Amino acid sequence: MSQNQLIIILKSGMKFIAVLFLFALAATSYATVSRSRVILVDTAGQNLMFRTNSPANTTAGTYDLELLFSYMRDEAAKNGVEFPEVFTVEAFTFLNQLEPEHRDPEIAYFQAHPEYKLFSKIIVGDLVNPNKYNAAIRKVMAKTYHKWNLDQLDILTTKMHDTLVAQGDIPKVIFFHCVAGEDRTGEVFGAYKMLFNGWTYRQALDFDNQVETRKIKDMSRNGLNWFCYFMQETNGYKGNDCEYLG
């Protein structure tokens, strides 16, 4: 089988997997934002970045951004960081069309607040653990990551980091989330910390596994695991822990 044939098969399989995963994700619901899932990720100058679960209140059909801000203030203080009094907001959402109870209030809120920015990126992870492949196939897939992988974590996290480091007239509060703030959010968080904060794959996965009372779901872990192999092949990642399962 040629490399091009392998990539075509992978693309087709990933699209099918994405549909299945979106249906699975749609069954998960949280009533509103949770303090334990609001975590300071990074700072740059006057700007702050957090991870969280969905700020939508599915009971009331509202978007509890003020509650989220109060948790952010608490989290910033816990980490010895000053939370700004006046700020703008840039959010990265990983919600999809099958999660309307969370997605619709969010879209409505940002439409009503055009001074804030909302970026949407569907994250799906991967059905198969990369360690299930033999080393030769895994190496080819890691090197051709951009040709078949739907999440494109390096592109997404670079956009997030560029948003963080760009300084403006007033501070920016940046946050990213899925529904639970654990799986898709954890996958993106892990990629960000590996790419920009020098974390190892093991550090990132271990952190993700303790945010909730359960471990990160396999598909999201696999997505982060593929990113580890991608970094190993293309970004000079020196860690030898891509085989770690958590």
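Worth pointing out:
- Pair list, Cβ < 6 Å and 6+ apart or interchain, from the range 106-131 residues that are under 12 Å from N96 (Cα atoms) to residues that are aliphatic (A, V, I, L, M) and assigned to a loop (DSSP other than H, G, I, E, B): V124/L150
- Output for the range 90-135, where each listed residue is closer than 30 Å to Q232 by Cα, assigned to a helix (DSSP H, G or I) and not basic (K, R): P130, N131, A135
- Per-region count, the range 142-168, residues out of contact with any Ser or Thr (no Cβ under 9 Å at 6 or more places or on another chain) and among the charged types (D, E, K, R): 4
- Within the range 139-188, considering residues that are of a type in the set (D, E, K, R) and either part of a helix (DSSP H, G or I) or on the phi > 0 side of the Ramachandran plot (or both), the one farthest from the chain's Cα centre (by Cα): K139
- Residues located in the range 85-101, provided they are in contact (Cβ under 8 Å) with a residue 40 or more places away in the chain and within 25 Å of L164 (Cα to Cα): V86, F87, T88, V89, E90, A91, F92, T93, F94, L95, N96
- Residues located in the range 16-60, provided they are under 19 Å from the mean Cα position of the chain (by Cα), assigned to a helix (DSSP H, G or I) and either among the aromatic types (F, W, Y) or modelled with pLDDT of 95 or more (or both): F21, F23, R35, S36, R37
- Residues of the range 208-246 that turn out to be farther than 16 Å from D151 by Cα, part of a helix (DSSP H, G or I) and not polar (S, T, N, Q), as a count: 3
- Looking only at the range 74-89, residues that are in a helix (DSSP H, G or I) and crowded, with 16+ Cβ neighbours inside 10 Å come to 2 in all.
- Some residue of the range 102-117 being under 23 Å from T185 (Cβ atoms), at pLDDT 95 or above and of a type in the set (A, V, I, L, M): yes
- Scope the range 189-207; condition assigned to a helix (DSSP H, G or I) and either in contact with a Lys or Arg (Cβ under 8 Å, 6 or more places away or on another chain) or on the phi > 0 side of the Ramachandran plot (or both); matching residues: F189, Q203, A204, L205, F207
- Considering the range 90-104, and only residues there that are among the hydrophobic types (A, V, I, L, M, F, W, C) and buried (at least 18 other Cβ atoms within 10 Å of the Cβ), the residue that is nearest to T32 (Cα to Cα) turns out to be L95.
- Residues in the range 69-79 that are touching a Phe, Trp or Tyr at 6+ places or on another chain (Cβ under 7 Å) and touching a residue at least 60 places away in the same chain (Cβ under 8 Å): M72 only.
The values are calculated or read from the model by the stated rules, or taken from the named source; none is laboratory data. Here the structure is a predicted model, which is why all the values come from computation and not from measurement. So basically every Cβ, Gly included, is an ideal-geometry build from the backbone, and we count neighbours across all protein chains shown.
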